[in-house]
């Protein structure tokens, strides 16, 4: 009877899906700083990494389901959940790094405060002609309403 059990264990196929899922998740985690962070379209919203993580988690889940639904054919009832848990840890670490830590922007010491007078500067307009802030404001006439300029600053986290 012992030979029959050993033969049954030997005849079961290896279940590489959980390992493949973990490797895809590891690739997604490692590819973001080395590849995807270089391009604004994949740096600001890491959709490419999310797709790779979804593929990796799908492979891991399929491998675990395969091992538990058909244990007489496939191995992996122990290593499947282990690789699945490691994949989930990689996803959680990636989300923590890209969502939480990148939002912690250092204070801008030299930025003008709200309501403060902006320093004079010159920038090109939509036709490429230089426009100076002082020329937009002009000199107010006595009794005339003042001229206002609204400046909007977009500060990214890159």
- Query: Under a plain spin-label model, where a point goes 7 Å from the Cα along Cα-to-Cβ, how far apart in nm are residue 75 and residue 34?
  - Reply: 2.9
- Message: For the range 2-103, place one equal point scatterer on every Cα, skip the solvent, and apply the Debye formula. What is log10 of I(q)/I(0) at q = 0.11, 0.12, 0.15 Å⁻¹?
- Response: -0.41, -0.47, -0.63
- Query: What does the range 29-155 give for Rg and for Dmax, in Å, if only its C-alpha atoms count?
  - Reply: 27.1, 93
- Task: Could you calculate the FRET efficiency of residue 88 with residue 11 from 1/(1 + (r/R0)^6), where r is the beta carbon distance between them and R0 is 30 Å, rounded to 0.05?
- Result: 0.45
- Message: Please compute the length gained on full extension between residue 103 and residue 129, using 0.36 nm multiplied by the number of residues separating them and subtracting their Cα-Cα distance.
- Response: 5.8 nm
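Every number here is computed from the coordinates shown, using simple stated rules; none is lab data. Small disclaimer: the values here were computed from a predicted structure and weren't measured. Note: ideal-geometry Cβ built from the backbone for every residue, glycine included; neighbour counts use all protein chains shown.
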